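Here is the structure we will look at.
Please treat every number below as a calculation from the coordinates, not as lab data. Keep in mind that what you see is a predicted model, and the values were worked out from it rather than measured. With ideal geometry, Cβ positions are generated from the backbone for all residues, glycine too; neighbour counts draw on all protein chains shown.
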Amino acid sequence: MSTPFPVFPVGSVGHNLMLLRGTWHDHIELYNLDGTPLEDDSCAGSGSPGPGPFDNLVYIDFDGHKLSLTNVHIRGREPAAKTFTGKIRGDLLVFDPLGPGAYENVGMSGGPGILTFNARKLDAASEVYMEPDFIMLTAPGERVRHTVLYRHGEAVRTLTAKGTRLWPTCDQRHPLDPRGSDGLVHEPPFSSSIWAHLADKANVEE
């Protein structure tokens with residue numbers, strides 16, 4: 001017998017994550033800070049750089065305790081997949097470490113259907129790179145995700161993804177997935193070395 005999902009208060013982080021479960025198609029556009037289109041964000045220092053606009057498959061798997069979220073480029077960029085994982089701790093989503101020396105990334109609620117993924121606190125790691133995600137469910141099966149990219153403490157570009165839910169689950173790969181129909185939906189959790197110098201510094205100081 002399967003374990004029932006937890007019941008979360010309306011508007012809580014857990015409740016909003018339950019609403020986001022499934023397989024999504026995102027159309028993503030890049031912008032300069034003044035709103036003019038940006039054709040490529042490689043020079044901006046993006047975490048996943050490349051041309052725009054582009055399209056992703058997004059698999060959002062949440063069992064009431066653990067989150068696995070995988071983005072897969074399907075159009076406009078070379079095929080690639082990146083997975084982020086986290087767990088509910090207390091009333092927040094706490095992402096698994098993004099890499100040695102990274103800031104702690106957490107999921108917070110802005111009310112029913114609204115989530116923010118961002119650093120719990122601003123520190124030396126957030127000065128290196130930070131890209132808060134603002135996610136809003138705008139209608140049944142529709143969402144908008146907006147991000148602001150900060151490099152070296154300065155905002156350098158924005159990104160807006162308009163998403164449509166394709167499937168209510170993400171138990172298997174979607175036919176649009178360039179990785180093929182066989183294999184796991186999620187990749188090993190993403191880890192970056194861009195903050196490693198901060199971890200090395202902390203180890204020396206200890």
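Counting residues in the range 13-205 as N, plug N into 2.2 N^0.38 Å and put the Cα Rg over that result.
Compactness ratio reported: 1.01.
I need to check one value: relative contact order of the chain, counting alpha carbon pairs closer than 8 Å and at least 6 residues apart, in percent.
Relative CO of the chain lands at 23 percent.
Mind telling me which of Asp96, Asp123, Asp177 comes out most flexible in a GNM of the chain, alpha-carbon contacts under 10 Å?
Residue with maximal mean-square fluctuation among Asp96, Asp123, Asp177: Asp123.
Set Lys and Arg Cβ to +1 and Asp and Glu Cβ to -1, take the dipole of the range 13-205 about its Cα centre, and tell me which of Leu30, His152, Ile114 lies farthest positive.
After comparing all options, I get Ile114.
Using 19 Å as the cut-off for backbone N distance, which residues of the range 138-152 belong to the label zone defined by a point 7 Å from the Cα of His27 along Cα→Cβ?
What the label zone holds, given the 19 Å backbone N cut-off, is 138-147.
Rg to Rh for the range 112-171: what is it, with Cα atoms only and Rh by Kirkwood?
1.08
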